[in-house]
1. From (1) within 19 Å of the chain's Cα centre (by Cα); (2) surrounded by 14 or more Cβ atoms within 10 Å (Cβ to Cβ); (3) over 17 Å from S150 (Cα atoms); (4) not polar (S, T, N, Q), pick out the condition that doesn't hold for D83.
2. Within region 151-161, is there a residue that is polar (S, T, N, Q), within 19 Å of T76 (Cα to Cα) and under 13 Å from the mean Cα position of the chain (by Cα)?
3. Mind checking which residues of region 34-76 are more than 18 Å from G115 (Cβ to Cβ), among the aliphatic types (A, V, I, L, M) and assigned to a strand (DSSP E or B)?
4. Within region 143-160, identify whether any single residue is part of a strand (DSSP E or B), surrounded by fewer than 19 Cβ atoms within 10 Å (Cβ to Cβ) and touching a residue at least 24 places away in the same chain (Cβ under 8 Å), and answer yes or no.
5. Considering region 103-118 alone, what residues qualify as being among the aliphatic types (A, V, I, L, M) and closer than 15 Å to S150 by Cβ?
6. What do you reckon, is D95 on the phi < 0 side of the Ramachandran plot, in contact (Cβ under 8 Å) with a residue 24 or more places away in the chain, acidic (D, E) and not in a loop (DSSP other than H, G, I, E, B)?
7. When the residues of region 42-56 are narrowed to those that are buried (at least 18 other Cβ atoms within 10 Å of the Cβ) and in contact with a Ser or Thr (Cβ under 7 Å, 6 or more places away or on another chain), which ends up farthest from N102 (Cα to Cα)?
Amino acid sequence: MKFKTLLIVMTIFAFSFLPSKSDEAIKKKLDPHKYNFYTGMFDFSDHGKKSALFGIQHQNEDLYRDSFLGTLSPVTGFMMTSDNATYLYTGIQADYNLGKINLTPSFTPGLYGQGDGKDLGHMIEFKSELQLSLDLSKKTEMGFSYNHLSNASIGDKNPGANSYMFNFLKKF
């Protein structure tokens, strides 16, 4: 648990002091807001508690930072399952553009509400996610993502949840 806490603190600290993006060509390419609408299967690996999910995530591209880790930006989102479990989160993501393909890892701490869904052991949960998307146009992407929700053993139990989603990303 100490390593995970140290990693979280180091990530937040590094993000706070990174220089802002100054390349005007990249800034002109970006639109100020990007939304990710997604749906998929929450905790697909637990056959007793899996359920459908849907969510939305916002990324403000005016807040991008270039770093040795790639292009970082803050994200905020909300997810809900068909069992009325909810997850409200905010954190950071990195964007790696590989031509028409984009690789986007993210880390987002948040608040989990169990509803009638799976007991994850604590209200505070951490989501680690990896998304792969394809540019359909300058302002539209389609993708697939996988994430893991865990409380990093701060709760009495830590069963975790693995989910997959299909993503529709749109810049406005």
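Throughout, read-outs are computed from the coordinates displayed, never taken from laboratory work. Predicted, not measured: the structure shown is a model, and the values here were computed from it. In this analysis, Cβ positions are derived from the backbone assuming ideal geometry, glycine residues included, and neighbour counts consider all displayed protein chains.
1. If we test D83 against (1) within 19 Å of the chain's Cα centre (by Cα); (2) surrounded by 14 or more Cβ atoms within 10 Å (Cβ to Cβ); (3) over 17 Å from S150 (Cα atoms); (4) not polar (S, T, N, Q), just (1) comes out false.
2. We begin by selecting, within region 151-161, every residue polar (S, T, N, Q); these are 151, 153, 158.
Narrowing further to those that are within 19 Å of T76 (Cα to Cα): 151.
Going one step further and asking which of them are under 13 Å from the mean Cα position of the chain (by Cα), we end up with none.
There is no residue in region 151-161 that is polar (S, T, N, Q), within 19 Å of T76 (Cα to Cα) and under 13 Å from the mean Cα position of the chain (by Cα).
3. L72, V75
4. Keep residues of region 143-160 that are part of a strand (DSSP E or B), which gives 143-150.
Restricting the remaining residues to those that are surrounded by fewer than 19 Cβ atoms within 10 Å (Cβ to Cβ) gives 144, 146, 148.
In the following step, the residues that additionally are touching a residue at least 24 places away in the same chain (Cβ under 8 Å) were identified as none.
No, because not a single residue in region 143-160 is part of a strand (DSSP E or B), surrounded by fewer than 19 Cβ atoms within 10 Å (Cβ to Cβ) and touching a residue at least 24 places away in the same chain (Cβ under 8 Å).
5. First pass over region 103-118, keeping only residues among the aliphatic types (A, V, I, L, M): 103, 111.
Across region 103-118, the qualifying residue is only L111.
6. On the way: on the phi < 0 side of the Ramachandran plot: yes; in contact (Cβ under 8 Å) with a residue 24 or more places away in the chain: yes; acidic (D, E): yes; not in a loop (DSSP other than H, G, I, E, B): yes.
Against the criterion (on the phi < 0 side of the Ramachandran plot, in contact (Cβ under 8 Å) with a residue 24 or more places away in the chain, acidic (D, E) and not in a loop (DSSP other than H, G, I, E, B)), D95 qualifies.
7. Ranking the candidates gives S51 first.
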